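See structure below.
The values are calculated or read from the model by the stated rules, or taken from the named source; none is laboratory data. In this text, all values refer to a predicted model and were calculated from it rather than measured experimentally. Heads up, the Cβs are rebuilt from the backbone with ideal geometry, glycines too, and the neighbour counts pull from every protein chain shown.
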Amino acid sequence: IPVDPFDLVIFGGTGDLARRKILPGLFRRFCGGQMPPEARIIGAARSDMDDAGFRQMVAESIHEFGDKRHPHEDQLPAFLERVSYETVDATGDGGWTALKARLRPGTVRAFYFSVGPSLFGDLAERLRGFGLADDDSRVVVEKPFGHDLKSARALNATLARHFSEQQIYRIDHYLGKETVQNLMAVRFGNMLFEPLWNAQYVDHIQITVAETVGVGGRGGYYDKSGAMRDMVQNHLMQLLCLIAMEPPARFEPDSVRDEKLKVIRALDPVDWHHIVRGQYAPDGDTPGYRHDVEDPRSRTESFVALKCHVSNWRWAGTPFYLRTGKKLRARTSEIAVVFKDAPHSIFGADAGRHRNVLSIRLQPNEGITLGVTIKEPGPGGMRLVDVPLDMTFADALGPDVEDVPDAYERLIMDVIRGNQTLFMRGDEVEAAWAWTDPIIEGWIARNEVPKPYDVGSSGPDDSLMLMHKDGRKWREIR
Ligand code: NAD
C-alpha cells in the first residue's frame, strides 16, 4: 500500500548511514511500489554539492549497498528524479531558505537527523526558526540517544522545545526487523504460547547479539561508548522489553510503549557479580581492541554479558541473560526462550533430557523456530530427539519474497504513515539509561579492567561461567 506523498529531508545525506542504509532502503520501497510518484527526497549536508552530484552519489550507494538480487536498474532513473540536494550548515544560517523553497505545502514533511546528536539542537532550532517545520512535521533521530541519563534528558528537553513527543521518531533499527514483529505476531496472535509465557514454564531467556567485526573505523567513537552503551542500553533492552512485556491492549504506539516502559522499570539493579565485561585480545599478528582504538590502556568493553531479573508477577525468579560483543565467532542475533523440563519423564533416563526452545533469530536467516521433542525414527526403541519446527517467513512464502522490507525501509515508511509503535519514546530511553548508568558507574568506581577474550571465540570464559554457575548453557554462537 503506497504511503502519502512526502518530502523527506535527510540531514547528513552524504554520510555513511545515509549511503549504506537510508538511500538504498528508500529505493527498495520505491521499487516495491510503496513510495508514491509525488514523493521527494532531499539530501542536506555540509558538503558543497549540486543535485547532479548528489544523484550520482545516491546511484553509487545503491549499486554498492542496495539489493543485489533485485537491482531494478531500470527503475533507478525514475527514483533519482525524485532526489535533490541542498548544502546546509546545521550550525549556521546558510542554505536554509533555499531548502525551505524545495518543500511543498500540503505534503507530509519528515526530517531525518542522520548526523551526530550534538547537532540535534541546532537543526531543531533552525527548522522552526526558518519555518521549515510545523506542528505536523516529523523528525527522525538516530542513536546514540545520549551518553547517559543526564545527556538523554538534555536531548529530550532540546527536542521538546521545538517538537511534541508525537513528532519525534527515535530509531532503534532492531525494532524494524521483520522477525521482531513476527515475534509479536507469534506471541499475541496464537493461543499456544502466551499461557506458557511466564516464570512457571520458562526456565530462562537468553539474548545474544554477536558481531564478527571489530570497531572498524569508528574506534574513536566506540571507545567513548563501549558495548553497554552502544548495544545493551538500546538494542538488547528493546528486545528484552518485547519478550517480557504484558500483552498491550492494542498494537498501537502508546499501548505498546507503556508496556515496554513497565518492563524497564521492573528491572532489578544488576548485581555486579552477574556482569562480565570483555575486550578482544591481540592474537599473533591480529591486533586487539586497544590497538584498534589506538589507546594502549583503554578499559572500554567490546563485550558484555549479564544476568538480570524482571521483578514482576509474570517473571519473578526467571533469569534473563544478555550478551553482546565484537570479533566473536559468528555474526548472529538471537533471542531464545528456554522452557522448563517436562515435570516427569515417562520414557526413563535413557531417552535423554529435552527442552523446548523457541528461537527468534534476527540475523542471519531471520526466522523463528520452535524446538520440539519427538521420537527418533526407526526401530531403536523410545529414544527422543529435538527437531526444529520452522516458522521462517522466507521459507513459508518461498525464497523469492522480494517485498520483505529491511528494518530501515520499514521504519521510514512508518514515519511517513505517522506510526510510532516501533520507535522509542523519550521516557523509555531515559528509563533504560537509569538502569544502565549505575552499571557503568560501578565499573569506573571499582576501576574494573575488562577480561581479555580471543578473536573468534564466544567471549571471555567468565561469561560462560555466568551460565554454568546456574547449571545453564549459552546457545552456540554460529
Ligand atoms: P558520517 O560522519 O558518515 O556523516 C555525517 C553527515 O553529517 C555528513 O553528511 C556530513 O556532511 C553531515 N554534517 C556534519 N556536520 C554538519 C553540519 N554542521 N551541518 C550539516 N551537515 C553536517 O556519520 P554517519 O555514520 O552517517 O552517522 C550519522 C548519525 O547516525 C550519527 O549520529 C551516528 O551515530 C548515527 N548512526 C550511524 C550508524 C552507521 O552505521 N553509520 C549506525 C547507527 C547510528
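The table for this structure:
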read-out	value
So Thr91, is it surrounded by fewer than 20 Cβ atoms within 10 Å (Cβ to Cβ), on the phi < 0 side of the Ramachandran plot, β-branched (Val, Ile, Thr) and touching a Leu at 6+ places or on another chain (Cβ under 8 Å)	yes
Unmet requirement for Val186, which otherwise passes all of (1) under 30 Å from Val455 (Cβ atoms); (2) hydrophobic (A, V, I, L, M, F, W, C); (3) out of contact with any helix residue (DSSP H, G or I) (no Cβ under 8 Å at 6 or more places or on another chain); (4) crowded, with 18+ Cβ neighbours inside 10 Å	(1)
Flag if Leu358 is in the same structural domain as Ser463 (by TED's automatic domain parsing), closer than 19 Å to Ile205 by Cα and either modelled with pLDDT of 95 or more or assigned to a loop (DSSP other than H, G, I, E, B) (or both)	yes
Sole exception among (1) within 15 Å of the ligand (Cβ to nearest atom); (2) without any contact (Cβ under 8 Å) to a residue 40 or more places away in the chain; (3) surrounded by 14 or more Cβ atoms within 10 Å (Cβ to Cβ) for Arg55, by number	(1)
Close pairs from the stretch 10-26: first polar (S, T, N, Q), partner near the ligand (Cβ under 6 Å from one of its atoms), Cβ under 7 Å, at least 6 apart	Thr14/Ala45; Thr14/Ser47
Condition broken by Asp48, with the remaining ones in (1) under 27 Å from Ala124 (Cα atoms); (2) modelled with pLDDT of 95 or more; (3) surrounded by fewer than 15 Cβ atoms within 10 Å (Cβ to Cβ); (4) away from the ligand (no atom under 16 Å from the Cβ) satisfied	(4)
Residue, nearest to the ligand (Cβ to nearest atom), within the stretch 115-131, restricted to residues that are free of Cβ contacts under 8 Å to residues at least 40 places away in the same chain and crowded, with 19+ Cβ neighbours inside 10 Å	Pro117
Residue in the stretch 140-147 that is more than 15 Å from the ligand (Cβ to nearest atom) and not assigned by TED's automatic domain parsing to the domain that holds Met237 present	no
Options Leu23, Leu17, Leu80, Leu76; residue that is within 10 Å of the ligand (Cβ to nearest atom), surrounded by 14 or more Cβ atoms within 10 Å (Cβ to Cβ) and of a type outside the set (Ser, Thr, Tyr)	Leu17
Candidate set from the stretch 340-355 (those that are farther than 14 Å from Val372 by Cα and either among the acidic types (Asp, Glu) or in a helix (DSSP H, G or I) (or both)); member that is nearest to the chain's Cα centre (by Cα)	Ala351
Checking Gly92 against (1) touching a residue at least 12 places away in the same chain (Cβ under 8 Å); (2) within 11 Å of the ligand (Cβ to nearest atom); (3) over 30 Å from Pro405 (Cα atoms), the condition it does not meet	(1)
Every pair of residues 6+ apart whose Cβ atoms lie under 6 Å, when the first sits in the stretch 432-451 and is farther than 22 Å from Ser311 by Cα while the second is among the polar types (S, T, N, Q)	Pro450/Gln279
Residue in the stretch 407-434 that is farthest from Glu178 (Cα to Cα), counting only those that are surrounded by fewer than 18 Cβ atoms within 10 Å (Cβ to Cβ) and among the charged types (D, E, K, R)	Asp427
